[in-house]
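K.L.:
Sharing a structure, written as C-alpha cells. Questions coming.
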Amino acid sequence: MGHDHAHGHGDPNLAHHFDNMQQQFEAGKLGMWLFLATEVLLFAGLFCAYTVYRFNNPEVFKFASQFLNTTWGAINTMVLLASSFTAAMAVRAAQLRNRQQLVAMLAATILGACGFLVIKYIEYSHKISLGINWGKQFHYYEHTTQELPADSKVDIVTRPPTVSVEAMEQALGAGSRTSLAAPARSPQGLTQAALSGHLNPSEHLRPHEKSHDKDDSGYAEAEHGAAAAHGEPTHGTASPAGGEHGDTPAPVDPEKVKNLHLYFSVYYCLTGLHGIHVLAGIVALTWVLIGALKGRFDENYFTPVDLVGLYWHLVDLIWIYLFPWSTWFGFSCSRCCT
Amino acid sequence: MAHSHGSDSHGHGVGHVVGPGILIANGVALLILTIITVAAARVDLGQANLVVAIAIAVVKASLVCLIFMHLYWDKPFNGLILVSSLAFAALFLTLALYDTVEYHPAVINQAAAFYSQGAPTP
C-alpha cells in the first residue's frame, strides 16, 4: 500500500482485469481472507458442539480426556508452530527473490506438515487399537454389553478388561444394576492405565466425587440420592477397601460415561477435519514449491506463496485452539471440577 | 496500519517485507507460550485453568495473525474480516450455550427419583 502504483505495468503475471500488480496482490489477499473467515466459521460449529457437550456432560469429558495424550499434542503444536514460522520466512524469501531460501523454507514447511500427520497417525492408531472409535464404531465396552441382563436400563457399561466375569456376576447378583465391581488403582496410574487400555473409571467417577460446573444444591442432592439408591457410601476417599463387593471393588456409574462414543465422535470430527486441512496444505505447499523451483515468483508476484502461507497459518491457528482444549480436559478439569 | 514499524521494508515490490528478527522472535515467543500452556495445565488453579488456557491461546493467535499473517502491516479491512468472523463465532457459541446446565437440577432429580424408587421391576 502506498507503494509505487506504476509497479508491475506490463508484468507477464498481471491479469488483464487488474490495473497493476499492487491491486492484483491486494485483491487476491482480500479474497483469501474472506475464505479464511468461512474456515473460521466452519470450525466454530465443531468447537461449539464440543463446548456445549462439555458443559452438559462434564463427567464424560473428565473420563474421556484420560485417553488424550498431551505430550503428543504439545509436540504437534511445536511442529506446527515451527512450520508456520518457516512459511512466514518463505514469503519473505519470495519477496526478496531469494529462490534458494524460498525452496528450503517451503520444503521445511512441508516436512513439518508431514511430521504433524505422522504424529496424528500414531495417536489415532493407538486409539483405534483400543476400540476407541467414533459413533457406532466405538468398541471399547462392546464385550461388556453382551453380558448385561435383557431388562437393563444401561446400554453400555464401563468395565476394564481386568475385571473377571465372576466379579461382574457377583456385582449383578448383589442387585446393583448399574454398578459393577472393579479393582481400584492409584490415581497416578490413571493416564497410563487409560493409554494401556486398563483404565478403571471408578476411581474418579464415583457419584459423590463427580464434577460440578457450579455449586448447585439441587444437582448435589440428586447425586447423593442416586448414590444412596445404589447402597453406596456417599462419603469416603479412594480407599481400595471402601466398596461393598469384597476385595477391592469400587462403584462404577456407567450412566455417566455411557456416551463416551459421542465425545470421540466430536473428537474425530474436529481433529480429522483439521487433519484434512493439513493434507490440503501439503498439496498447496507442494504446488508452490514447484513454482518456486521454476522461479516463478518475484517481489511483485508472490501471491501464491503469500496466500498458501496465510492458509497454513490458519491451520496452525486452529490447532492453537484445539490444543488447550485437550490439555484443559486432560489435566485441569479433572482437578478443578472435583 | 503503520507499515513502517519494526521491519526492514524498503518499499520495493507490492507487499511488505517483514524482518527475519521479528519472525524469529515471534516463533520463539509462540514456542514459549506453548510450554506455558502445558505447564499451566499441570498446576491446579481451579476454574482459572480454563481462563489461563484460553488467554494464552488468544495471545498466541494474535501473534500469529499480526506477525505471521502480516495483519499488523496489512490494510485494516483484512483484519476486520477476521475479527467479524470471530465475532459471529462468539455470537454462535454464546447463544448455543445460553441454556447449558440450566436443566441439570431438574433432570438429575428426576433421574435420581427414577433409580431410587427402583426402576419399575417386572
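K.L.:
Full-extension gain between A:Lys294 and A:Ile128, please, as 0.36 nm times their residue separation minus the C-alpha to C-alpha distance. Show your work: numbers first, answer last.
P.N.:
Values: separation 166, 0.36 × 166 = 59.76 nm, distance 4.23 nm.
The span from A:Lys294 to A:Ile128 would gain 55.5 nm if fully extended.
K.L.:
How many percent of the accessible area of segment A:25-145 is carbon or sulfur, using a 1.4 Å probe? Don't skip to the end; give the middle numbers.
P.N.:
Details: 3060 of 4460 Å².
Answer for segment A:25-145: carbon and sulfur cover 69 percent of the accessible area.
K.L.:
Next question. Students often check this: by mean Cβ neighbours within 10 Å, which of B:38-50, A:57-69 ranks highest, and how do the rest follow? Please report the intermediate quantities before stating the final value.
P.N.:
Values: B:38-50: 15.6, A:57-69: 21.6.
Sorting B:38-50, A:57-69 by mean packing, highest first, produces A:57-69, B:38-50.
K.L.:
With the solvent-accessible surface defined on protein heavy atoms using a 1.4 Å probe, which residues belonging to segment A:37-77 display a reduction of at least 40 Å² in accessible area in the multichain context relative to the isolated chain?
P.N.:
Buried on complex formation: A:Val40, A:Leu41, A:Cys48, A:Val52, A:Phe55, A:Asn56.
K.L.:
Now, a different point. Name the residues of segment A:304-327, by number, that are at least 20 Å² less accessible with every protein chain in place than in the isolated chain; the surface is that of heavy atoms, probe 1.4 Å, without ligands or nucleic acids.
P.N.:
In segment A:304-327, residues shielded by partner chains: A:Leu310, A:His313, A:Leu317, A:Ile320, A:Tyr321, A:Phe323, A:Pro324, A:Trp325, A:Thr327.
K.L.:
Moving on to the next point. On the full set of protein chains, 1.4 Å probe, figure out the accessible area of A:Asp19 and give it in Å² to the nearest 10.
P.N.:
100 Å²
K.L.:
May I ask you to give the solvent-accessible area per residue for segment A:20-88, in square angstrom, as obtained with a 1.4 angstrom probe? Before the final figure, lay out the partial values.
P.N.:
Numbers: 1860 Å² over 69 residues.
Ligands and nucleic acids excluded, the result is 27 Å² per residue.
K.L.:
Okay, moving on. Not counting ligands, DNA or RNA, and with a 1.4 Å probe, what is A:Arg97's accessible surface area in Å² rounded to the nearest 10?
P.N.:
Result for A:Arg97: roughly 150 Å² accessible.
K.L.:
Provide the buried accessible surface between chains B and A in square angstrom, both chains summed, 1.4 Å probe, rounded to the nearest 100.
P.N.:
6100 Å²
K.L.:
While we're here: Round to the nearest 0.05 the FRET efficiency obtained for A:Leu30 and B:Val43 when R0 = 45 Å and r is the Cβ-Cβ distance.
P.N.:
Working: r = 43 Å, r/R0 = 0.95.
That gives a FRET efficiency of 0.55.
K.L.:
Compute, for A:Tyr321, the solvent-accessible surface of its heavy atoms (probe 1.4 Å) with the complete set of protein chains present, and express it in square angstrom to the nearest 10.
P.N.:
Rounded to the nearest 10, the figure is 60 Å².
The values are calculated or read from the model by the stated rules, or taken from the named source; none is laboratory data. None of these values were measured; they are calculated from a predicted model. Cβ coordinates were reconstructed from backbone atoms using ideal geometry, including for glycine residues, and neighbour counts include every protein chain displayed. All accessible areas refer to the heavy atoms of the entire protein, side chains included, with ligands and DNA or RNA removed. Shrake-Rupley method; radii C 1.70, N 1.55, O 1.52, S 1.80 Å.
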